[in-house]
Amino acid sequence: MESIVHRMVKVNGITLHVAEKGEGPVVLLLHGFPELWYSWRHQILSLADRGYRAVAPDLRGYGLSECPPNVSDYSLFHVVGDLIALVKSLGVHQVFVVGHDWGAMVAWHLCMIRPDLVKALVNLSVVFQARHPTKRPVDSIKAVFGEDHYIVRFQEPGVAEAEFSRIDTKLVLKKFLTYRKPKALIVPKEKGFGGSPDTIINLPSWLSEEDVAYYATNFDKSSFTGGLNYYRCMNLNWEMSAPWTDEPIKVPVKFMVGDLDLTYHSPGVQDYIHKGGFSKHVPFLQELVVMEGVGHFINQERPHEVSDHIYEFIKKF
């Protein structure tokens, strides 16, 4: 870990913190919520050892990267703008991209808007779904799951932050990072996100107290607001992406998901993935991997296996 280089980069009017290691073709690694560049620690070392330059930013609003003040500053189009500028700063014309969770959403949009910048994509957990012409995403989630679905509960600025603040940051992170139920995350208002501050959570073998402490130190500094604002821009993203309605993903793709991942058990997702809908919108989908016994945080839970899958795909190009 000590060999990973950290630096600050000016991009798109803000400053991003970037962790990187290695020389060779660039692999851009994009994290999700509630995570940091650190979620890719294993992949950074593995890819660097195999002849690649692994570059993992803290996305805007996270970690040591700048946190713009307005909710609307966190649209996927702002984040994609950050990454386009970051790629340019690296002095290369194309990169490999690997995304997880919100990082996967960012990666899909980067490929949708600027496919010329991406040699190939490996995305984890979150499938690409074409923009619905009339249904806004948060409204659709509310219609299916009600007001207590976590994404709906995240929408009001300050509410989730206040609930998180009632308990230790480490406990908040443990609750998210150890969630393994293959179903939607429902958080009744009377219960709240915080729950009891006395809750004891036993960590899985892939997540140490030191790992949690690293995340917590960074979220104590930056707060959770930046990451939550990505959810608060979901309907805005839908509005802004109208010009790309029905636009397919035009780069080579490998998709990976755990069979216990809550996203894999969203209504209709498995049929969409396995019965042709996904490949219709992602016509250059070359590999599909469903990992057994694995939850949402796939790149941390099975780090070596995921690193191998990434390498075996990108080495073709």
Please list, ordered by first then second residue, the pairs with beta carbon atoms under 6 Å, 6 or more apart or interchain, first in the range 140-152 and in contact (Cβ under 8 Å) with a residue 60 or more places away in the chain and surrounded by fewer than 12 Cβ atoms within 10 Å (Cβ to Cβ), second outside any helix (DSSP H, G or I) and charged (D, E, K, R).
none
Step by step: first the residues of the range 289-302, then only those that are part of a loop (DSSP other than H, G, I, E, B) and open to solvent by less than 70 Å² (accessible area, probe 1.4 Å), then the one that is farthest from Gly99 (Cα to Cα). Which residue is that?
Gly293
State whether the residues of the range 219-234 include one that is open to solvent by 50 Å² or more (accessible area, probe 1.4 Å), touching a Ser or Thr at 6+ places or on another chain (Cβ under 8 Å), within 29 Å of Ser165 (Cβ to Cβ) and part of a helix (DSSP H, G or I).
yes
If a residue has to be in a loop (DSSP other than H, G, I, E, B), farther than 24 Å from Gly226 by Cα and of a type in the set (Gly, Ala, Ser) to count, how many in the range 1-55 make the cut?
4
Top-ranked residue in the range 141-199 [being assigned to a loop (DSSP other than H, G, I, E, B) and among the hydroxyl-bearing types (Ser, Thr, Tyr); ranked as modelled with the lowest pLDDT]
Ser196
Take Arg41 and decide whether it is open to solvent by 40 Å² or more (accessible area, probe 1.4 Å), farther than 19 Å from Ser222 by Cα and in contact (Cβ under 8 Å) with a residue 24 or more places away in the chain.
no
Quick check on the range 182-192. Is at least one of its residues out of contact with any Pro (no Cβ under 9 Å at 6 or more places or on another chain) and free of Cβ contacts under 8 Å to residues at least 24 places away in the same chain?
yes
For Pro57, which of the numbered conditions (1) surrounded by 19 or more Cβ atoms within 10 Å (Cβ to Cβ); (2) farther than 16 Å from Val80 by Cα fails to hold?
(2)
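Conditions (1) aromatic (Phe, Trp, Tyr); (2) open to solvent by less than 10 Å² (accessible area, probe 1.4 Å); (3) under 20 Å from Leu36 (Cβ atoms), marked per residue:
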| site | (1), (2), (3) |
| --- | --- |
| Cys67 | no, no, yes |
| Val92 | no, no, no |
| Val97 | no, yes, yes |
| Trp102 | yes, no, yes |
| Leu110 | no, yes, yes |
| Ile113 | no, no, no |
| Leu117 | no, no, no |
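The rows are residues; the columns are (1) within 16 Å of Thr178 (Cα to Cα); (2) in contact with a Gly (Cβ under 7 Å, 6 or more places away or on another chain).
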position	(1), (2)
Leu203	yes, no
Trp206	yes, no
Tyr215	yes, no
Gly227	no, yes
Tyr231	no, no
Asp246	no, no
Lys250	no, no
Val253	no, no
Met256	no, no
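For every residue, the table says whether it meets (1) open to solvent by 40 Å² or more (accessible area, probe 1.4 Å); (2) in contact with a Phe, Trp or Tyr (Cβ under 8 Å, 6 or more places away or on another chain); (3) in contact (Cβ under 8 Å) with a residue 24 or more places away in the chain.
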{"position": "Lys254", "(1), (2), (3)": "no, yes, yes"}
{"position": "Tyr264", "(1), (2), (3)": "no, no, yes"}
{"position": "Asp271", "(1), (2), (3)": "yes, no, no"}
{"position": "Lys275", "(1), (2), (3)": "yes, no, no"}
{"position": "Glu287", "(1), (2), (3)": "yes, yes, yes"}
{"position": "His304", "(1), (2), (3)": "yes, no, yes"}
{"position": "His309", "(1), (2), (3)": "yes, no, yes"}
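When residues of the range 72-90 are filtered for being open to solvent by 10 Å² or more (accessible area, probe 1.4 Å) and of a type in the set (Val, Ile, Thr), how many remain?
Step one: list which residues in the range 72-90 are open to solvent by 10 Å² or more (accessible area, probe 1.4 Å), which gives 72-73, 77-78, 81, 84-85, 88-90.
Within this subset, residues satisfying the condition of being of a type in the set (Val, Ile, Thr) are 84.
Number of matching residues: 1.
The values are calculated or read from the model by the stated rules, or taken from the named source; none is laboratory data. All figures in this text were calculated on a predicted structure; none of them were measured in a lab. Backbone-built Cβ (ideal geometry, glycine too); neighbour counts: all protein chains shown. For accessibility, only protein heavy atoms count, side chains too; no ligands or nucleic acids. Shrake-Rupley method; radii C 1.70, N 1.55, O 1.52, S 1.80 Å.
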